[in-house]
Structure formats: structure tokens, C-alpha cells
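Shown next, in C-alpha cells, is the structure this report addresses.
What follows draws every value from the coordinates through simple rules; no lab data is involved. Predicted, not measured: the structure shown is a model, and the values here were computed from it. Ideal geometry is used to build each Cβ from the backbone, glycine not excepted, and the neighbour counts take in all protein chains shown.
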Amino acid sequence: MSSERARELIVGGDLAQIDGFNPLAEVESLNGVRVYDVGQGDSIAILDNRDRPVLQIDYGGRQDSPFRDQSSEYIDKCMPAGDCRLVMVTHWDEDHWCSAARAAAVRGATWLVPRQVTSPRAVRFSTELTDVSCIPESRVGQAFCFKAMNGDEVWWEKIAASEPDASKHEDCNRTGVALAVVKRTPSGEGTVILVPGDAPFGRVRYYEHLRAQKLTLRGLVAFHHGSRSHWTEATRRLLRTWPVNRWDVRTVFSCSRDNPFRHPHVENYEEEMGETIEIVRTPSCRVGNDRYIDIAF
Amino acid sequence: MSDEYLWDIYPDIVNGREPPFVLLIPTPEDEDHVHFAFVEDVEEVEEPAALEAPDASTMVGKHPVFRNQAVRFRTSGPDARMFLDAVAGFDQLDADNITDAQRQKRRAQLREFFKKVPLPIIDIYVSKFDADYKAIKQTLLPGSWTLVVFRDGALEAGLRPVIYGAPEFQPAERIRYARLRSLAAVTPPVELRLRDIFSFNHIRDADISTEDDGSATPQPKPQPMPGLDAANPWKQTHRQEDYAQKAVQYQKLTQG
């Protein structure tokens, strides 16, 4: 009886291959996550053991983008996603893909995207991609896992069905893809970095399973650039109860310095996580050559 | 503005019936811009001194609407006439049964269409204190298509401001100012085509294969939403049929 109960808690994602390949198959191990300064929007890379981007999540940035008047070569150089085995889009709001419309190398990569009701501008961009496929809607709500050679994991899930009916309200933030990067020790312990896109943490079902496995929260990228919309009790509870090390949860807000929505609302995170978090905003790194913030394991 | 054009987008006007306008106006005039607009995002403006312009630059909102709890309805879409002129060139696809050849053809057709037809971002700002705010909010739901009529001009008090443009336009076209003239429901036949053409029907589904390494137990599969095919939630057969039926009924009604 007790073993059955224990098994219920150990819920894992299906080990996945996309069109016959695992994008982490030749990756020795994972070092963490890199959040680029793109202004208002997201562009995030998962790094291998030599800090090379191996999986790109979104490639956006609109307001106050540092790439506004720059060449495609410059964007390629600043956000080198051309060698990534896979580019994933969390959802189709323009601030999550628009830098790719002006870059070159990233458009030649393999893209895995959610099938959503979206703007004609996003559809136009998608026609410029040569190797792109959609996450089947039949896989909605199912957590998948890519594994590196040492067992480090990248989890992802398309969290809800898209809603093509015009009479129904679709907020594509809440029908997108949410990810997590996990490093486990041989003893079964581990740490996790959450990358939810614009989806509130409480919407991502497998996050609860990761929390229940007592993985220590090493860092997170605040959802929706630090918005206070959709700040639900489920999200509060998840952050409040996740095991952490004091002062050790690097919390990155990917947004522009000025924006009409007064992002980020860091007070929500401070309220739930208190002194455990280290708050970092992407505009703070717009000096020097390294315009990104790393969350390392 | 020709009757033929009006027939396509406003058949009710041609038939002397009251059109499905949210904001009633006289018949659109030549200087009006008439666009089919997809609503990407609806969000309250908290900092009018840092508006995000359509070209992604930052601008200061000086119109009185920004002192009265403005809400930004971010939309984008093609000129209605240009879309209607091109729509016959697109084969209608059955989302559940698309061949590779059809996908390739659709992608090629879209690329040709997008070469000719600009897609401005059209930001519509409305105060929460506007008498029509609730009706506008119910019309401009995220994920919906609406017919938007606006006219160039300075942002004057008492008029609902529209700021439109796009970063890829010529510099003088990247930010332009206008006032909202009307919003109207898109007719079912047109909506059917908008939703088919501006979709990811040209993209195949990924082949996601899985292997169980023995350490995991399967997650519970989600319950399909009402009206969805459990085996293929994207299918939504009855909704497609609904749209097709509505389109036929609408044609009969308007022609009768």
C-alpha cells in the first residue's frame, strides 16, 4: 500500500524524441540557463557543460530591444542559436519570436512550436522557417523530457489546448509551452530551474510533481516578464512551498527598463519567497559585452 | 466605395438591414482604413509615459485617454479589400486531413500574399470610463477577428486613438496616428477563411515518440474539452461544421 502511494508521487515525463532525435543526445551535461537582454520579451538558452547554447527557448524582444537598428549578423552573434539542435517557442506573442524575423542563423534551425490561434504576423514569420513542426494537440497536458548523457533533464509540456472558437476567449499565454531544467545527483537529490514562458507557475501541472520530488529550486525566469496578471493562489502556493536554499534562488525578470505595464512586479515574488531570492532584471546587464544573465546550477 | 466591396464585408448594409456594428457609423468612406484585425493582446496601460509604439520604440502617451485608465487592444491584420481580392486564390483546407503537397502549396501561397500585403500592428486605446468600453471589450476578445475602421488624423480629445504601423515599414510609416471610426463583427464566411488562411495549417505536426525508461509512471491524460475529439483535440469537427453551416445560412439570409 505504502509503495503504491510512493509510486504515485514519482511521476515523470516521457523521454521524448522529436522526429527521431533527442536534441540533448550528444550533450554531456547541462550547466544552466542563459537569459538574454532583449528588452521587453524573452530569449533564453539552455547551456551545456561548456556554456554553449544547446537548446533555444523563444527568440524575441520588442520594446527597448538592443537589436533595434542592428544587422542580422550582430543578432546572430549576440544570441548564437544557429548551432542549437532545437528552437522551441513557448507561445506566439510577438515579443517571444520577433528578433528571429531579423536574425539569420536561428531561422535555419529546427523549430518546435505550439499550434495556437495567433496573429497573421506570427503566421507570416512561420512561413520563413524551413524546418518547423507543431506540437500535436493530442499531446497537450503531457510532460516530456529530453535527457543529456549524464541524465540532466529538460522537461516541457504544452499546458492547454488551443481554442480556435471565436466565441471563446483564448489567452495564448495559457495555452503555451512551459519548461524546466533539472540536474540530479546520484543520491536522487537535485536542483531545478523553471522557465514557464508567459504561463503562471500554477498552470503547469508537472511543476507540482517536480516540487513533490523535493528538488531544490535554484532559479526561475519570472512568468510574463514579471506581470501581476494571473497571480493566483496556485502560483503563490507553489513558490511558497518549493524547497529552497536561503539567498540562493536566482529570479530573473526579462523585460524592458520602461514599459507601459510597469513590469516587473517583483513584490509578488518577494512576498511569497522572502529572503530566499536574488532578484535580477535583464536591463541591468546592458553594459559591457555580455548582455545576458546566467542561472547556473 | 463600391457595392461589390460592401457586399463582401457588409452584406447587411446592401440589404438595408442594420449591420452588426459595435460602434455605429455611416458607411465607410474612401479615406477610411478598413482592416480585418486579429486581437493579440488586451492589457491596461499603467505607465503612459512608456507606451510601446507599433514599431517597438517607446513613446509618451499624451492623449487624454491615457489619464483615464486606458486599455490597449493590440491587433494586427490586412486591409480588408486586399484580403478579399486574394482569398479566392487560397484552397480551403480541412484541418484534419491535409497532405504534404497541400501544406507546401499553402506555404507558397502565404509567402506570395505576404509579399504584397502589409500587416500593420493596430493599437486601439479605449478608456475604461468610455461609455462603450464594455461593448468594445466584448468585441475585441483576445484570439478573435474583428473589422476595424479607422481614419488618419491627429489624436484629438474626445476621439478614440489608434496608433498603427510596424517596425518593418518605411520610416515614415512606422508610427501613424488615427482615430477609431467603427468596429464590426466579421461575417461567418469571411471568418471561416481568415481562420483557415491565417493559421498553422501549413505546418505539419511533429512526430513525438516516447520511451519509458522505467522510472516514470504515466501522467494522467487530460480530459478533452467539451466538443473536442478525444483522439485529436485539434480536430473540433463540429465547430468546423458549425462555421460552414453558419456561412451557408448567412449567404441564404443575406441573399433573401
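Here are the numbers:
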item: Highest to lowest packing among A:218-228, B:53-63, scored as the average C-beta count within 10 Å; result: A:218-228, B:53-63
item: Efficiency of FRET between residue B:46 and residue A:25 - r from beta-carbon atoms, R0 51 angstrom, step 0.05; result: 0.65
item: Residue-by-residue Karplus 3J(HN,Hα) for segment B:74-90, coefficients 6.51, -1.76, 1.60, Hz, glycine and proline x; result: 8, 10, 7, x, x, 4, 4, 5, 5, 5, 5, 5, 9, 5, 5, x, 9
item: Within straight-line cross-link reach of residue A:158, aspartates and glutamates at Cα separation under 13 Å, skipping those fewer than 8 residues along the same chain; result: A:137, A:198
item: Links that overshoot a 25 Å alpha carbon limit, given the list A:77/A:147; B:62/B:128; B:62/B:137; result: A:77/A:147
item: Residue-averaged 222 nm ellipticity for chain A, from DSSP H runs of 4+ at -39500 (n - 2.57), nearest 500; result: -4000 deg cm²/dmol
item: Footprinting exposure proxy for A:285, A:84 (fewest neighbouring C-beta atoms within 10 Å first); result: A:285, A:84
item: For residues of B:47-54, the mean tally of beta carbons on other chains within 10 Å; result: 5
item: Under 5 Å, built H, 5+ apart or other chain: amide partners of residue B:198; result: none
item: Average other protein chain Cβ within 10 Å of Cβ, residues B:111-122; result: 2
item: Under 14 Å from the Cα of residue B:116 - aspartates and glutamates, other chains or at least 8 residues apart; result: B:79, B:85, B:168
item: Exercise: per-residue mean of other protein chain Cβ atoms within 10 Å, A:97-103; result: 1
item: Nearest-20 debye value, segment A:11-296 charge dipole, Cβ charges on Lys, Arg, Asp, Glu; result: 240
item: Cα→Cβ-extended label distance, 7 Å offset, between residue A:77 and residue A:284, nm; result: 2.8
item: Theoretical gain in end-to-end length, residue A:68 to residue A:50 [0.36 nm per residue, Cα-Cα removed]; result: 3.5 nm
item: Reachable aspartates and glutamates from residue B:134, criterion Cα separation under 20 angstrom, eight or more residues apart if same chain; result: A:170, A:171, B:40, B:41, B:43, B:44, B:46, B:123
item: C-alpha center-to-center spacing [segment A:177-197, segment A:76-122] in angstrom; result: 23
item: Alpha carbon centroid spacing (whole Å) that separates segment B:105-123 from segment A:224-295; result: 37
